[in-house]
1. Conditions first: (1) assigned to a loop (DSSP other than H, G, I, E, B); (2) at pLDDT below 80; (3) of a type in the set (A, V, I, L, M); (4) at negative phi. LEU194 passes all but one, so which condition is the exception?
2. Are any residues in region 368-391 within 18 Å of ASN314 (Cβ to Cβ), of a type in the set (D, E, K, R) and surrounded by fewer than 16 Cβ atoms within 10 Å (Cβ to Cβ), and if so, which ones?
3. Could you pull out the residue among GLY136, GLY46, GLY84, GLY127 that is at pLDDT below 75, crowded, with 16+ Cβ neighbours inside 10 Å and among the small types (Gly, Ala, Ser)?
4. Looking only at region 163-170, decide whether some residue is loosely packed, with under 11 Cβ neighbours inside 10 Å, under 20 Å from TYR109 (Cβ atoms) and modelled with pLDDT of 75 or more.
5. Determine, yes or no, whether LEU54 is in contact with a Leu (Cβ under 8 Å, 6 or more places away or on another chain), modelled with pLDDT under 75 and over 16 Å from LEU124 (Cβ atoms).
6. Condition check: under 27 Å from ARG165 (Cα atoms) and either modelled with pLDDT of 75 or more or not in a helix (DSSP H, G or I) (or both). Does ALA102 satisfy that?
7. Within region 279-313, can you find the residues that are more than 21 Å from LEU365 (Cα to Cα), surrounded by fewer than 17 Cβ atoms within 10 Å (Cβ to Cβ) and of a type outside the set (Lys, Arg)?
Amino acid sequence: MPLILIKLRYLGIAGALLALLVANAIMDLGPARTPLLSVLAVLLLGNAVAHVWLRRRETDAEALVLVQMAIDVIALTVVLQFSGGPGNPFVSLYLVPVSVAAATMRRSYAMAVAMLAVGLYSWLLFGHQHRMHLGGNGFATHVTGMWVQFLISAMILLVVLCRFRAIVEDQRQRLAQARERQLRDESLIAVGALAAGTAHELNTPLTTLGMLVDECADSAVPPTADDYRLMREQLSRCRNHVGALAALARRGAFGETVVQPVDEFIDDCLEQWQLLRPGVTVRRSRLLPGVRIAVDQALPQAVINLLNNAADANVLAGSEQTIVLESDRVDGRFVLHILDRGPGLRPDSDAVSGRARGSGLGIGLLISNASIERCGGHVRLFARDGGGCVTEVVLPTEREQ
């Protein structure tokens, strides 16, 4: 704001100089020409000094604006003194610094500018060489009325604009607090979604470990090397999920997003997922080289949850263990279709939560939808031709981030 006022003051000085030159050409200003030009020169010099000072030093910008306002009011008084005094029709320009101060400065500074303007205007009225007094001729009465009108206008501007500024500042603070609350709530949602996703993902390896432990406990034969290898894989999977949750919490809930090629992202998700579901066949119909998306900590797990749901749906329907992935780019957004041959959607289902559930916890789809929505995308389910379901994932590409 101070820099804007300084630049506007440059324009004002240029306009005043132009007006002075026109006035001198139309009517010879005589001896008043020198002091008027001197005032403009002082204003220009002071504005340049303030400009340099504000750019090179850390200072109270509002106090600097107050000083500039005071100089403007004093300069206007000098100009009016040599150009008609209180009878000059441009005497109403006193309202300009009063209104600007009331709209942009704290109340005490605005009142100081208003009092200075009122005091100097009053000095012009009663101290000018052509004195104006109440009860004089008609023109003197008119000029005195102008002074009274200025007092009323200055008071109205001061009260209304100061109140308006207070309201704006209050709304600005409320907006900042609302944004902080929103970020805090979104952070809690992010941690909660990842925690729920971690619990959902831990269910499978923990179930496998439990079965292996029960078998070992009931069998007199020691565990085989394959049993130990499977246990290690499942334990590693558990550690990875817990580590991802801890990393997200350390990074401040949302985590640091990484821009990644979409094909590489899908490959990483499939690699992690098939450690849990090695018997499921995945067929990808199309690659998208050059398309990139922003990936946070929760997004891979969201896609893995959707792949699990598709595989569970195939198992539930007793169909072939094949999932089809179709990638596309539509209207600048990445679209991923996960196709299965499960029992499809319930007739009364909605577009997110209507899939027939398998043997899992039943929250994977809701978790994935929440995580993907936080990334600016959405999840939608619809029926697949020939039976089954299509899970549609839409995410913004790098250019949209």
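The values are calculated or read from the model by the stated rules, or taken from the named source; none is laboratory data. All values derive from a computational prediction rather than experimental measurement. Glycine gets a Cβ as well: all are built from the backbone with ideal geometry, and neighbour counts include every protein chain shown.
1. (1)
2. Residue satisfying the conditions is ASP385 alone.
3. Among GLY136, GLY46, GLY84, GLY127, only GLY84 is at pLDDT below 75, crowded, with 16+ Cβ neighbours inside 10 Å and among the small types (Gly, Ala, Ser).
4. Yes.
5. So LEU54 fits the description; yes.
6. Criteria met by ALA102.
7. Those that are more than 21 Å from LEU365 (Cα to Cα), surrounded by fewer than 17 Cβ atoms within 10 Å (Cβ to Cβ) and of a type outside the set (Lys, Arg): GLY279, SER285, LEU287, PRO289, GLY290.
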